[in-house]
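J.: Below is the structure I would like to discuss, written out as structure tokens.
The values are calculated or read from the model by the stated rules, or taken from the named source; none is laboratory data. Keep in mind the model is a prediction, meaning the values are calculated, not measured. Here the Cβ positions follow ideal geometry from the backbone for every residue, glycine too, while neighbour counts run over all protein chains shown. Heavy atoms of the whole protein, side chains included, go into the accessibility calculation; ligands, DNA and RNA do not. Shrake-Rupley method; radii C 1.70, N 1.55, O 1.52, S 1.80 Å.
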Amino acid sequence: QQPVQSPQAVILREGEDAVINCSSSKALYSVHWYRQKHGEAPVFLMILLKGGEQKGHEKISASFNEKKQQSSLYLTASQLSYSGTYFCGTNPNQGGKLIFGQGTELSVKP
Amino acid sequence: NAGVTQTPKFRILKIGQSMTLQCAQDMNHNYMYWYRQDPGMGLKLIYYSVGAGITDKGEVPNGYNVSRSTTEDFPLRLELAAPSQTSVYFCASSYKGDYGYTFGSGTRLTVV
């Protein structure tokens, strides 16, 4: 079942912070986060695994609440380059086969 | 190191025609995936493979077929193209199941 992302869209000024949420109705083993710029392919940011292991990006962080089946992506001190659509992908089982959320469009203005 | 290569980048098909979208990766990744993305929407999984000779259906497999005869290649076959298959198709790969995906640059397909 498709995870639900919120908000659908957000506009920031450079230097502001943002949080993007991803919720699932199923228990999750892993959550991935990707960013897609217009007309380009999605780019991997981060993966969070059940049990707390986290792998990914330096300047962007994320949390994974297994009990609530939720993940949040934190973008701090946003830069113009952060603009794009952010997708979470979830998997209830170990190994492969992500189901993606509908995306959150982030616009960072000067 | 090319990563994930998709061909063609653009294609226009007539209703009822067939075609194969090519996907190749040179990273020795075991897992490969096909997604479609409709305008303004998220990514829907069509098929995936966990290794050569092994494929399985995703969320929206109808109207598509795949094969995985080698680790490197994972072609997607469209039979009897329909306007509903107009979309951008992304191929992706990952080293194992719980590693980040590397996406190809996509194939923009229009069925008229």
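J.: Need one value for B:101-111: mean number of C-beta atoms belonging to other chains within 10 Å of its residues' C-beta atoms.
T.: 3
J.: Apply the a/c threshold of 1.5 to the C-alpha gyration tensor of the range A:4-109 and tell me whether it is rounded, prolate or oblate.
T.: prolate
J.: Quick one: if you stick a label point 7 Å off each Cα along the C-beta vector at B:Y95 and B:Q22, how many nm between them?
T.: Using points 7 Å along Cα→Cβ, the separation is 2.8 nm.
J.: So, with a 1.4 angstrom probe, what is the percent of accessible area on the range B:15-112 that is carbon and sulfur?
T.: The value for the range B:15-112 is 51 percent carbon and sulfur by accessible area.
J.: Just the accessible area for B:Y48, please: 1.4 Å probe, Å², rounded to the nearest 10?
T.: 30
J.: For the range B:28-101, what does the alpha-carbon gyration tensor say about shape, rounded, prolate or oblate, given a ≥ b ≥ c as the root eigenvalues, a/c under 1.5 as rounded, and a/b over b/c as prolate?
T.: Note, shape of the range B:28-101 comes out oblate.
J.: Are any of the pairs B:K9/B:K57; A:K26/B:K14; A:K50/B:K9; A:K109/B:K57; A:K67/B:K44; A:K68/A:K97 more than 32 Å apart by Cα-Cα distance, and if so, which?
T.: In this structure, A:K26/B:K14; A:K50/B:K9; A:K109/B:K57 exceed 32 Å between Cα atoms.
J.: Run the simple label-point estimate for B:A2 and A:S61 please: 7 Å along Cα→C-beta, distance reported in nm.
T.: With each label point 7 Å from Cα toward Cβ, the separation is 4.1 nm.
J.: Here is a follow-up. Long-range amide H contacts for B:E79: which residues qualify at under 5 Å (H placed 1.01 Å from N, peptide plane, sequence gap of 5 or more or a different chain)?
T.: Amide H to amide H, under 5 Å and 5 or more residues apart or across chains, B:E79 pairs with B:N65.
J.: Can you list the HN-Hα couplings for the range B:45-59, worked out from phi with the Karplus curve (6.51, -1.76, 1.60; θ = phi - 60°), rounded to whole Hz and with x for Gly and Pro?
T.: 6, 9, 9, 8, 9, 9, x, 4, x, 10, 9, 8, 6, x, 6
J.: Using a 1.4 Å probe and ignoring any ligands, DNA or RNA, find the accessible area of A:E40 and quote it in Å² to the nearest 10.
T.: 100
J.: Find the accessible area per residue for the protein assembly as shown; the probe is 1.4 Å, ligands and nucleic acids are left out, and the unit is Å².
T.: Solvent-accessible surface per residue comes out at 48 Å².
J.: Follow-up question, since we're still on this one. Would you mind checking the radius of gyration and Dmax of the protein assembly as shown based on alpha-carbon positions, in Å?
T.: Answer for the protein assembly as shown, Rg first and Dmax second: 17.3, 51 Å.
J.: Something else: Which whole-Hz couplings ³J(HN,Hα) result when phi for each residue of the range A:100-107 is put into the Karplus expression 6.51 cos²θ - 1.76 cosθ + 1.60, θ = phi - 60°, listed in order with x for Gly and Pro?
T.: 9, x, 7, x, 10, 8, 10, 10
J.: Could you tell me the total accessible area buried at the B-A interface, probe 1.4 Å, in square angstrom to the nearest hundred?
T.: In total, chains B and A hide about 1600 Å² from solvent.
J.: Do you know which residues of the range A:60-109 lose at least 30 square angstrom of accessible area in the protein assembly compared with their chain on its own, with a 1.4 angstrom probe?
T.: By number: A:F87, A:G95, A:G96, A:K97, A:L98, A:I99, A:F100.
J.: Here's a follow-up. Relative contact order of chain B: what whole-number percent is it, with Cα pairs under 8 angstrom and at least 6 residues apart?
T.: It comes to 36 percent, rounded to a whole number.
J.: With an 8 Å cut-off on Cα pairs and a minimum separation of 6 or more residues, tell me the relative contact order of chain A in percent.
T.: 39
J.: What ³J(HN,Hα) values, in whole Hz, does the Karplus curve 6.51 cos²θ - 1.76 cosθ + 1.60 give for the range B:78-89 when θ = phi - 60°, with x put for Gly and Pro?
T.: Values per residue, Gly and Pro as x: 9, 9, 6, 4, 10, x, 5, 8, 5, 5, 9, 9 Hz.
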